[in-house]
Amino acid sequence: MKILLVDDSRAVAAVMGARLSGAGYEVILAENGKVAVEQFRASAPDLVLMDIEMPVMNGFQAAQAIRELEATGEWAWTPIIFLTASDTPENLVTAIEAGGDDFIAKILPEAVLEAKMKAMARIARLRDQLSAANRKLTEQASQDGLTGLCNRRYMDLRLDSQWAGCCDAREPFGLLMLDVDHFKKYNDHYGHQAGDDCLKAVARAISETVEAANVRGDVHGALAARYGGEEFAVLMPRCTRDTFRALADAICTAIRTLAIPHERNAEWGIVTASVGGAYAAQAEGRVALRFREADANLYRAKDLGRNRAVLD
């Protein structure tokens, strides 16, 4: 367990720190509340032991600042126990209102300190388990169960945020809509299990192509999602028109390169995809209009023979 020990008295910090380290805990020291908040931000401890009366920022103020950090969602809830020589009712009320969870005396019998720390270690383990479970639930809520891409719900949330940001900054925005060519015929001919495997392979090709573009810096924050059935979408905020076209072509090529046999896909003989795109040099208005443009271009790509991208 990682413990942040906050006390302006070097003597108290040394004695308490030695006792905790001797019991096998990792101890991080801070000499006042301001440093404590900085250390909390940097090291994310499992427990905070905090003195009350300190220079620069007292323990109550530091506790409030830590709770404000936790409220952002970037840090998990962490027990805060105040170290005191005076556990008056007034101090207890102030401590709880500041976000503290308990008091312990600075001079505490070894057995009591050990028991307290064991209890806190159990809480830390439970907190970690709960955080892991919450992360898994969040992933499940945002991911498509078959392909592992973002699902439609999560894509809509990101779309609203990205579009609004680009509109405010008058930045460009690109949108791609993709459809696996003759997928119903593929399913009917090869079976639904093969159809699922095909969608997973196509999704992986799209994801890897988009992620490679993000890593290279060609795009910033591009997102691939399963739109529904055999349809996929790619959001491309703040991209240039050249990058928009290049990524659309790269996705078509990546899917074609899979070389998945598809006897019912007209002249191609392998799994291919049609792509329709809409590009705004300066985002403005309703994003729904861009979806209509991308969808119209998707149908144009199909009318022109599939296995291609048609873009604005």
**OP:** Would you calculate the separation in nanometres between label points at residue 93 and residue 157, each defined as 7 Å from the Cα along the Cα-to-beta-carbon direction?
**Re:** 4.0 nm
Original post:
Given a Förster radius of 45 Å and the C-beta distance between residue 77 and residue 164 as r, what FRET efficiency does 1/(1 + (r/R0)^6) yield to the nearest 0.05?
Top reply: 0.90
Original post:
For residue 299 and residue 38 in one chain, what is 0.36 nm times their gap in residues minus the Cα-Cα distance, to one decimal in nm?
Top reply: 88.5 nm
Original post:
What are the residues whose amide H is under 5 Å from the amide H of residue 27, where those residues sit 5 or more places off or on another chain and H is modelled from the backbone?
Top reply: 3
Subject >> Dipole magnitude of the chain about its Cα centre (Cβ charges: Lys, Arg +1; Asp, Glu -1), debye to nearest 20 >> reply: 880 debye
Original post:
Separation between the residue 119 and residue 249 pseudo-spin-labels, each 7 Å from Cα along Cα→Cβ, expressed in nm?
Top reply: 6.8 nm
Original post:
What is the magnitude of the charge dipole of the stretch 176-240 about its Cα centre, with +1 placed on the Cβ of each Lys and Arg, -1 on the Cβ of each Asp and Glu, and no other charges, expressed in debye to the nearest 20?
Top reply: 180 debye
Subject >> FRET efficiency estimate (nearest 0.05) - Cβ-Cβ, residue 200 to residue 257, R0 22 angstrom >> reply: 0.90
Subject >> Simple label model, 7 Å out from Cα along Cβ direction - residue 104 to residue 131, nm >> reply: 2.0 nm
Subject >> Under 11 Å from the residue 241 label point (7 Å along Cα→beta-carbon), backbone N, the stretch 270-290 >> reply: 279-282
Original post:
So if R0 is 25 Å, what FRET efficiency would residue 270 and residue 214 give, r being the distance between their Cβ atoms, rounded to the nearest 0.05?
Top reply: 0.40
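Since every read-out is calculated from the coordinates, none of them should be taken as a lab result. These numbers come from a predicted model, not from an experiment. Every residue, glycine as well, gets a Cβ built from its backbone with ideal geometry; the counts of neighbours run over all protein chains shown.
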